[in-house]
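Please treat every number below as a calculation from the coordinates, not as lab data. Quick caveat, the model's predicted, so the values are computed rather than measured. Backbone-built Cβ (ideal geometry, glycine too); neighbour counts: all protein chains shown.
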Amino acid sequence: MKNIHNLLITWYLKNLRALPWRETTNPYKIWLSEIILQQTRVDQGLPYYHRFIGQYPTISDLANAPDDEVMKLWQGLGYYSRAKNLLHTARIIATEYHGVFPTTFELIKQMKGIGDYTAAAIASFAFNVKQPVLDGNVYRFITRLYGIETPIDKKETRKAVMEVLLHLMDETQKPAVLNQALMEFGALQCTPKKPKCEACPFVQDCFAIKENKVGILPMKGKPIKIRDRYLNYFVFITPDHRTYIKKRIEKDVWLNLYDFPLIETLTNQTMKELTLHPDFKTWTKSSKVKAIEVCPLVLHKLSHQNLFVTFIVLQIDKPLKLKNSPIFEIEKNIINSFAVPKVIENFLHRIR
């Protein structure tokens with residue numbers, strides 16, 4: 001197959017979406033966009049990108065930002081380790097690299113939270129390095145076009161796709177544009193479902209079209225095992241309009257975000273069963289408790305977990321017993337200043 005790189009670039013220049021990180025070679029802005037767009041759609045990530053650039057226009061501004069402030073700004077994007085790694089790397093670059101972003105693929109990849117894909121994107125888009133950017137969109141397009149039929153999670157599949165991409169890189173003087181074209185083609189044209197094969201510039205050469213395997217390629221890997229968890233949140237309200245929260249410091253979902261006192265169970269529990277739990281008894285030892293609302297169970301899906309979440313709103317006449325506990329008391333009306341998981345943000349919005 002000849003002139004693939006030229007056909008892709010021609011298609012891209014006609015069909016590209018106008019996105020702010022494509023209008024700059026600033027490595028900080030490109031890095032920020034790539035981190036935001038991990039596990040996030042463009043339309044969802046774009047407002048976050050603008051907010052971050054507005055609040056932290058340089059990497060030094062981000063490096064000097066308080067952790068809780070950054071986590072609050074990230075709220076709603078999920079995968080919060082991305083925000084934590086973002087801060088860590090910004091501080092490393094600000095101190096050890098004097099605020100200057102490293103310029104090579106190898107050095108960029110050493111930064112926390114930056115793997116092969118993100119390092120390649122930054123090196124390519126900011127410094128025009130001939131390094132293939134291999135994301136899911138590119139995987140899909142190349143496996144269909146060339147008929148790579150091994151499962152997508154196998155090393156040999158990645159190796160085969162990378163060989164194709166390295167060959168394409170060798171044929172072009174515009175590696176940054178070619179990488180963008182490959183990603184955009186997979187995102188807009190060679191889509192997972194209902195790809196626009198009838199208008200594809202590669203319709204005559206595509207293995208998947210010829211062999212009627214468009215719906216099969218890329219070959220799927222092993223299915224992800226999903227774990228079910230039941231999270232029972234207690235929203236305690238005092239007579240003087242105060243409540244209780246805690247910071248999640250365990251190595252678990254939503255690290256460094258804030259949530260309410262929690263009892264996790266293996267199955268769905270009734271209110272009566274939950275009030276017999278040792279933690280609940282300890283918290284409310286000297287208080288009279290009145291249930292105001294028991295919210296219906298909400299399913300919150302993560303990549304490897306199904307979280308079944310409920311909120312139980314309780315009126316108490318005295319402060320909770322919290323000796324040696326990470327739970328602390330706050331005024332109810334300031335809770336929105338804390339970074340919380342999306343499921344709690346939705347709950348707060350509903351009861352507001």
For Gly113, what charge total do you get from the other residues with a beta carbon under 13 Å from its beta carbon, if Lys and Arg give +1 and Asp and Glu give -1? +3
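With a cap of 15 neighbouring Cβ atoms within 10 Å, and only residues DSSP puts in a loop, list the GluC sites (Glu not before Pro) found in region 213-308.
Numbers: sites: Glu250, Glu264, Glu273, Glu293; in loops: Glu250.
Passing sites in region 213-308 are Glu250.
Taking the Cβ of Thr243 as the center, what net charge do the other residues with Cβ under 13 Å away carry, scoring Lys and Arg +1 and Asp and Glu -1?
Around Thr243, the surrounding residues sum to -1.
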How many nm separate the modelled label positions at Val100 and Val294, each set 7 Å beyond the Cα in the direction of the Cβ? 6.4 nm
Counting sequence-distant residues (5 or more places) and residues on other chains, those with an amide H built under 5 Å from that of Leu314 are Val235, Phe236, Ile237, Ile292
Once Lys and Arg get +1 and Asp and Glu get -1 on their Cβ, which of Val294, Ser325, Thr95 lies farthest toward the positive end of the dipole of the chain? Val294
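In this model, which of Lys213/Lys342; Lys246/Lys301; Lys29/Lys213 are farther than 27 Å apart at the alpha-carbon?
Numbers: Lys213/Lys342 38 Å; Lys246/Lys301 22 Å; Lys29/Lys213 38 Å.
As for pairs spanning more than 27 Å Cα to Cα, those are Lys213/Lys342; Lys29/Lys213.
Suppose every Lys and Arg Cβ carries +1 and every Asp and Glu Cβ carries -1, with no other charges. What dipole size does the chain come out with about its Cα centre, to the nearest 20 debye?
On the way: 49 positive and 34 negative charges, 167 e Å.
Using Cβ point charges on Lys, Arg, Asp and Glu, the chain gives about 800 debye.
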Among DSSP beta bridges lying fully in the chain, give the percent that are antiparallel, nearest 5. 65 percent
For labels at Arg242 and Leu255 in the simple 7 Å Cα→Cβ model, what's the distance in nm? 3.2 nm
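Suppose every K and R has +1 on its Cβ and every D and E has -1 on its Cβ; what is the size of the dipole of region 4-210 about the Cα centre, in Debye to the nearest 20?
Values: 24 positive and 20 negative charges, 89 e Å.
Taking the Cα centre of region 4-210 as origin, the dipole is about 420 debye.
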Do any of Lys247/Lys285; Lys14/Lys72; Lys193/Lys225; Lys112/Lys210; Lys225/Lys285 go past 31 Å between their Cα atoms, and which? Lys14/Lys72; Lys112/Lys210; Lys225/Lys285
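Could you tell me the relative contact order of the chain? Use alpha-carbon pairs under 8 Å, at least six residues apart, and round to a whole percent. Intermediate results must be reported in sequence, preceding the final value.
Working: 507 pairs, mean separation 57.8, N = 352.
Over the chain, the number comes to 16 percent.
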Only Lys, Arg, Asp and Glu count, each charged at its Cβ (+1, +1, -1, -1), so figure out the dipole size of region 227-351 about its Cα centre, rounded to 20 debye. 180 debye
Residue-averaged [θ]222 nm for the chain, counting only DSSP H segments that reach four residues, each worth -39500 (n - 2.57): -12500 deg cm²/dmol
Which of the peptides 25-33, 343-351 is most tightly packed, and how do the rest follow, judged by the mean count of other Cβ atoms within 10 Å per residue? 25-33, 343-351
